[in-house]
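Every number here is computed from the coordinates shown, using simple stated rules; none is lab data. Source: prediction; values computed, not measured. Cβ placement follows ideal geometry from the backbone for every residue including glycine, while neighbour counts extend to all protein chains displayed.
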């Protein structure tokens, strides 16, 4: 499967940034769904089938290592269990989370049809919370008001970009050792 022809190509600089963030080549990226305040991509949308043929249900994928570390910290604090418990006792939340599941499926279907993942969204939707990374990526990529538990998790996060933004690791950023404006200039 290749990127939809009606989507503009993803800029090479963005693919390079995502590859740097992930520590491997970016695969199946169709667009940058959200940018960190530092300017780097922090969420991408991916094809539902990777270039090697692997089904990939995670359409919204968090790439920023600082964002994913902050989300891992939330997960380790029991946030997913608490959210899952609330799904069992709050009918309104359960209904809105089910709607987020349908939104995820619809947005992924816009990128292609992969029968192996039909009806499967990601992150445990619609009945439980299994991965805050997916829920937050969905919230950041689709915008607020779509995924209620993703929105909640976003609000719990400290500003992950402030302490050391990913853009500080980009080639040519001040202090990365590759800055052509620093002492010594370009080779």
Estimate the FRET efficiency between residue 90 and residue 116 by the formula 1/(1 + (r/R0)^6), using the beta-carbon distance for r and 35 Å for R0, to the nearest 0.05. 0.60
Relative contact order (%) - criterion: Cα under 8 Å, at least six apart; region: the range 12-160: 23 percent
Residue 74 paired with residue 102, simple spin-label distance in nm, labels 7 Å along Cα-to-beta-carbon: 2.5 nm
Expressed in nanometres to one decimal, the distance between label points 7 Å along Cα→Cβ at residue 128 and residue 162 is 3.5 nm
Between residue 109 and residue 16, what length comes free when the chain is fully extended (0.36 nm per residue of separation minus the Cα-Cα distance, one decimal in nm)? 30.9 nm
For the range 12-160, fraction of C-alpha pairs farther apart than 19 Å, in %: 50 percent
Express in whole angstrom the spacing between the alpha-carbon centres of the range 46-65 and the range 67-125. 16 Å
